[in-house]
């Protein structure tokens, strides 16, 4: 394991130790240990099927919704074991927001999409507070100016890039501490991608962001730390600049230079 | 020769044509192969396509002409013969015919007028001639088709495309037959309904308040009491079927694991396979007496009330019909709920919503239009249902809000107006067609609305 290139003294936001994931008989994640810092963008890269999305979904226990998935090992957020019996996955997910590969706005109005999380978690005491939360989330999602005049229009009527930013706004509306993004730009055109990447960089001020991406350029552009997954193993983890300029593992180098993947 | 041709009836002709078509297949295939010395790659199409194309050209025009001839000839002959009979004679002959028949037998021939005998002879002559002509034309056409197909068969002939367009024509024919049949049904109902409205005022039919058919004539034939019974029973049925069916669908699609689903779904669908007459028996023999023991019999009853006298009632029929509709609602709703994209559920879980919050606030609203469509389809089935109400609802036409009373529906009245000795010219019988047409319009409107809603919902996710 070449993980754990941790600067001494900073407490990691998320720390995973010896995580194994099985889908039925398939061993999808093999003994992954990693420390993810707060207020940092961490990119997971690797070829398709290498387990990076699976590992991401362990961090908010989304794998619980898949019947055949089984997770072993230890994942802690702020030192608290999230797979402990006493932890309610529902509450965990309010703290660890997630943005998906395909924009998935609910078939509701833009306002109701963003207000969905705050409503189910009772974050607002009255309508004015809810309006406030929605506006703040939409501003943080860098989409407020485009939708402020049509908050009651359906969220599904927006363009792909707008939908994805709406989904990001929806995720930040519940005030999460960690934001997981599973290939958030793979369904977007270059302009929308640039907008979302800019947004990710801003979100770093407040959150620990973990992003899964197929694009090495994107990983290089937005992240400070990069983890390279291959066949279920975490091959290499470290500063993004170093991974892309001086990879230690030959597999990482092969992938980055385009020889495998 | 003429005798031989006129002796061939339509069945024999069809067989002959098919034999010719088979011959055409063999010959054309052989010819195509010979034209290229057995090198299939030099043909435009596979050899069998040449065979099919030739068989098609042989059989289709001949069979079409045969079909048209079968319809047109009797009509033409009739016209021809009818002209030879003087108008007055024709009328009188028909009038006197029953009397002649009652004289029973051979004497009948002697009293016939010469014009009639002549007409009959001419009829027979024309018929024989027509049959001979038919056989001749059809066979010549088949042989001509065979020859033409064989002449066309050369390596550049696009046999495959010809066969493809033939197949398309066949499919179009099948589709239009289905539609034409529907149109035919509607038209026949419409004409009989028009006859009914000639004999009975339409104001009474649509706006009267009493239904009491009376075979001596002068009946009250108003649809309103029947419509009320129909809608009341359907409403109770839906009140039973919609919540139970919907909850079952939610459980099966969202909560049940694969093993439960693989057992429960077929079990639910068995309900849909039970013949409605069996439901009717269930209503009459089990549900009705049970309801009486709960809501009737005064002091002896379970509730000590005396609201219900007989086993047949709106409630009996409504409950049983509701049970019948459960699998209908649940299997349609199940499909619709499953069609809601998983990404929406993931999005909701990702925001920290629980399972039931996700279903209530994301899945069901997304599936709502489809579910409404399913309910409307169920409603149209409830309105058209017959056997359960025949046995379970009773036969008394009345407008009342009491669900423990017997009432009757449009469908049961259609059955009772058309069974037994009926005179097809009396409004009491013809009213069945007007009732049927009204029912048809009602369910058609519901179905169109439901399909429109379901289709709009589908577009949303495609």
Can we say residue A:104 is part of a helix (DSSP H, G or I) and either crowded, with 19+ Cβ neighbours inside 10 Å or in contact with a strand residue (DSSP E or B) (Cβ under 9 Å, 6 or more places away or on another chain) (or both)? no
Determine, yes or no, whether residue B:352 is buried (at least 23 other Cβ atoms within 10 Å of the Cβ), at pLDDT below 90 and within 14 Å of another protein chain (Cβ to nearest Cβ). yes
Consider residue B:282 carefully, then state whether it is crowded, with 16+ Cβ neighbours inside 10 Å and in contact with a strand residue (DSSP E or B) (Cβ under 6 Å, 6 or more places away or on another chain). no
Evaluate the following for residue B:371: is it within 14 Å of chain A (Cβ to nearest Cβ), touching a helix residue (DSSP H, G or I) at 6+ places or on another chain (Cβ under 6 Å) and in contact (Cβ under 8 Å) with a residue 12 or more places away in the chain? yes
Just checking, does the stretch B:255-273 include any residue being surrounded by 15 or more Cβ atoms within 10 Å (Cβ to Cβ) and within 28 Å of residue B:193 (Cβ to Cβ)? no
Just for the stretch A:65-87: of the residues that are within 13 Å of another protein chain (Cβ to nearest Cβ) and within 23 Å of residue B:344 (Cα to Cα), which one is surrounded by the most Cβ atoms within 10 Å (Cβ to Cβ)? A:65
From the list A:151, A:180, which residue is part of a loop (DSSP other than H, G, I, E, B) and in contact (Cβ under 8 Å) with a residue 12 or more places away in the chain? A:151
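Each row is one residue, and each column tells you yes or no for (1) in contact with a helix residue (DSSP H, G or I) (Cβ under 6 Å, 6 or more places away or on another chain); (2) within 14 Å of chain A (Cβ to nearest Cβ); (3) more than 21 Å from residue B:249 (Cα to Cα).
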| site | (1), (2), (3) |
| --- | --- |
| B:343 | no, yes, no |
| B:406 | no, no, yes |
| B:420 | no, no, yes |
| B:439 | yes, no, yes |
Search the stretch A:116-144 for residues being within 20 Å of the chain's Cα centre (by Cα) and either in contact (Cβ under 8 Å) with a residue 40 or more places away in the chain or assigned to a strand (DSSP E or B) (or both), and hand back the single one that is nearest to the other protein chains (Cβ to nearest Cβ). A:117
Restricting attention to the stretch A:187-235, the residues that are assigned to a helix (DSSP H, G or I), farther than 16 Å from residue A:99 by Cα and at pLDDT below 90 number exactly 5
Only one of these is on the phi > 0 side of the Ramachandran plot, more than 14 Å from chain B (Cβ to nearest Cβ) and touching a residue at least 60 places away in the same chain (Cβ under 8 Å): A:30, A:39. Name it. A:39
Can you name every residue in the stretch A:88-98 that is touching a residue at least 60 places away in the same chain (Cβ under 8 Å) and either part of a helix (DSSP H, G or I) or within 8 Å of another protein chain (Cβ to nearest Cβ) (or both)? A:94, A:95, A:97, A:98
So in the stretch B:292-340, with the set limited to residues that are surrounded by fewer than 14 Cβ atoms within 10 Å (Cβ to Cβ) and outside any helix (DSSP H, G or I), which one is farthest from the chain's Cα centre (by Cα)? B:304
Determine which member of the set B:150, B:101 is modelled with pLDDT of 85 or more and either on the phi < 0 side of the Ramachandran plot or in a loop (DSSP other than H, G, I, E, B) (or both). B:150
When the residues of the stretch A:131-171 are filtered to those that are farther than 21 Å from residue A:207 by Cα and in contact with a strand residue (DSSP E or B) (Cβ under 7 Å, 6 or more places away or on another chain), which remaining residue is surrounded by the most Cβ atoms within 10 Å (Cβ to Cβ)? A:155
Look through B:439, B:368, B:449 and report the one residue that is under 25 Å from the mean Cα position of the chain (by Cα) and either crowded, with 20+ Cβ neighbours inside 10 Å or under 30 Å from residue A:123 (Cα atoms) (or both). B:439
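The values are calculated or read from the model by the stated rules, or taken from the named source; none is laboratory data. Just so it is clear, the structure is predicted and the values come from calculations on it, not from any experiment. Note that each Cβ is placed from the backbone with ideal geometry, even for glycine, and that neighbours are counted across all protein chains shown.
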